[in-house]
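The values are calculated or read from the model by the stated rules, or taken from the named source; none is laboratory data. Since the model is a prediction, treat every value here as computed from it, not as a measurement. Cβ coordinates were reconstructed from backbone atoms using ideal geometry, including for glycine residues, and neighbour counts include every protein chain displayed. When the accessible area is computed, the model is the full protein with side chains, heavy atoms only, and any ligands, DNA or RNA have been set aside. Shrake-Rupley method; radii C 1.70, N 1.55, O 1.52, S 1.80 Å.
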There are 2 protein chains.
Amino acid sequence: MTTRTEETGPSGAAYNAFLAVCPSRMLLDRLANKWVVLVLCALGGDAEKAPDVPAAPTALRYSELARLLSGVSQKMLTQTLRSLERDGLLTRTVVPTVPVTVTYELTDLGLSLLGVVRRLREWAQSHMDDVLAHREKYDARA
Amino acid sequence: MTTRTEETGPSGAAYNAFLAVCPSRMLLDRLANKWVVLVLCALGGDAEKAPDVPAAPTALRYSELARLLSGVSQKMLTQTLRSLERDGLLTRTVVPTVPVTVTYELTDLGLSLLGVVRRLREWAQSHMDDVLAHREKYDARA
DNA sequence: AGTGCCTACTTCCCAAAGGGAAGTATCGCG
DNA sequence: CGCGATACTTCCCTTTGGGAAGTAGGCACT
């Protein structure tokens, strides 16, 4: 039974990520990504903060992002930032300083997604011990 | 297997997914994945439901999952289910029916993650139009 | 004038992951 | 004894991701 009353048109809420052909499936594939989550969290101010200080969104330079997201290659960082800019989740601003600097900042759309991905990262961190315990049991049994 | 060090602190919030070496980084990489999100949502009852019916978690068979997640290969489905089982997010139950059937069901841990990834899928679907609009503007400019 | 340095990319190359299709194992039935 | 059904598993090839090196462009120093 097909639950869509209308095709995946631009105005309806008929998008369904379970369908391979739906645009939201491709969007989900983009967003459900390690670097996307970390870039958004970094621009959300989640990195390098004191435990008691609530995270506040902040603009960051390319080099700052590269430093915060340890292990990211320049290629992937650029690629991730470009796709997020294209999708309207962040803005890219070139500042004509001495050596040119570029800053990235979340848009309102990006901020609304931040609320979601932030929880994903927090979940991973707060449930890490549970997961590790399960893995040990699983690996011991097998 | 032996990596439960005190440096990351099993009880504290010392895990930090921004660090490449932190276990939670690897966990985030696993969870921030198209198929993980869709499997969890499917087992959460989000697929093929009428719009007014609230989603309720449900056990699903392998073949049911394969049908709901259109486009998934058997290989990736099996791989995703195995890793989620290993991490304690779902249970795998072999039912010795005529041809053997296997059912998958979310654990409490999986249910707590469902609350997060469900919002990710919902975000992708509900903001699809915004994203598409931004893409058109971006592509027209470039 | 030229050399070097800084930031922010871009390109090249290779290894790893993902996808498609076909093969395997097990069981009961006719 | 072969058939069909379910749930994988394996093989092979394409795509993606990562590491390292190269590019652009402007200023500063000698």
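Scan the stretch B:57-77 for residues that are more than 20 Å from A:Arg25 (Cβ to Cβ) and touching a helix residue (DSSP H, G or I) at 6+ places or on another chain (Cβ under 9 Å) and jot them down. Passing the criteria: B:Pro57, B:Thr58, B:Ala59, B:Tyr62.
Among all positions in the stretch A:104-112, there is at least one residue which is open to solvent by 50 Å² or more (accessible area, probe 1.4 Å), within 14 Å of DNA strand C (Cβ to nearest atom), in contact (Cβ under 8 Å) with a residue 40 or more places away in the chain and acidic (Asp, Glu). Of the numbered criteria (1) open to solvent by less than 60 Å² (accessible area, probe 1.4 Å); (2) touching a helix residue (DSSP H, G or I) at 6+ places or on another chain (Cβ under 6 Å), the one A:Arg92 fails is (1). Here's a check for you: in the stretch A:53-68, which residue that is within 15 Å of DNA strand D (Cβ to nearest atom) and hydroxyl-bearing (Ser, Thr, Tyr) is surrounded by the fewest Cβ atoms within 10 Å (Cβ to Cβ)? The selected residue is A:Ser63. Taken over the stretch B:41-52, the criterion of being in a helix (DSSP H, G or I) and either among the basic types (Lys, Arg) or open to solvent by 60 Å² or more (accessible area, probe 1.4 Å) (or both) is satisfied by no residue. Scanning the stretch A:79-100 for residues that are part of a strand (DSSP E or B) and within 11 Å of another protein chain (Cβ to nearest Cβ) turns up A:Leu90, A:Thr91, A:Arg92. Within the stretch B:118-142, the set of residues being in contact (Cβ under 8 Å) with a residue 12 or more places away in the chain and at the interface with another protein chain (Cβ under 7 Å from one of its Cβ atoms) comprises B:Leu120, B:Arg121. Looking across the stretch B:51-78 at every residue that is more than 7 Å from chain A (Cβ to nearest Cβ) and of a type in the set (Gly, Ala, Ser), the one that is nearest to B:Pro99 (Cα to Cα) is identified as B:Ser63. Scanning the stretch A:69-78 for residues that are within 8 Å of DNA strand C (Cβ to nearest atom) and either part of a helix (DSSP H, G or I) or surrounded by 15 or more Cβ atoms within 10 Å (Cβ to Cβ) (or both) turns up A:Gln74, A:Lys75, A:Leu77, A:Thr78. Within the stretch B:96-105, is even one residue within 19 Å of B:Leu27 (Cβ to Cβ), within 10 Å of DNA strand D (Cβ to nearest atom), touching a strand residue (DSSP E or B) at 6+ places or on another chain (Cβ under 6 Å) and not β-branched (Val, Ile, Thr)? No - not one qualifying residue is present in the stretch B:96-105. Of all residues assigned to the stretch B:108-115, at least one qualifies as being of a type in the set (Ser, Thr, Tyr), in a helix (DSSP H, G or I), more than 16 Å from DNA strand D (Cβ to nearest atom) and at pLDDT 95 or above. Of all the criteria given as (1) open to solvent by less than 40 Å² (accessible area, probe 1.4 Å); (2) within 12 Å of DNA strand D (Cβ to nearest atom); (3) farther than 24 Å from B:Ser126 by Cα; (4) at the interface with chain B (Cβ under 7 Å from one of its Cβ atoms), the one not satisfied by A:Ala32 is (3).
The residues on offer are A:Arg86, A:Arg135, A:Arg118, A:Arg82, and the sole one that is more than 15 Å from the chain's Cα centre (by Cα) and either within 12 Å of DNA strand C (Cβ to nearest atom) or open to solvent by 10 Å² or more (accessible area, probe 1.4 Å) (or both) is A:Arg135.
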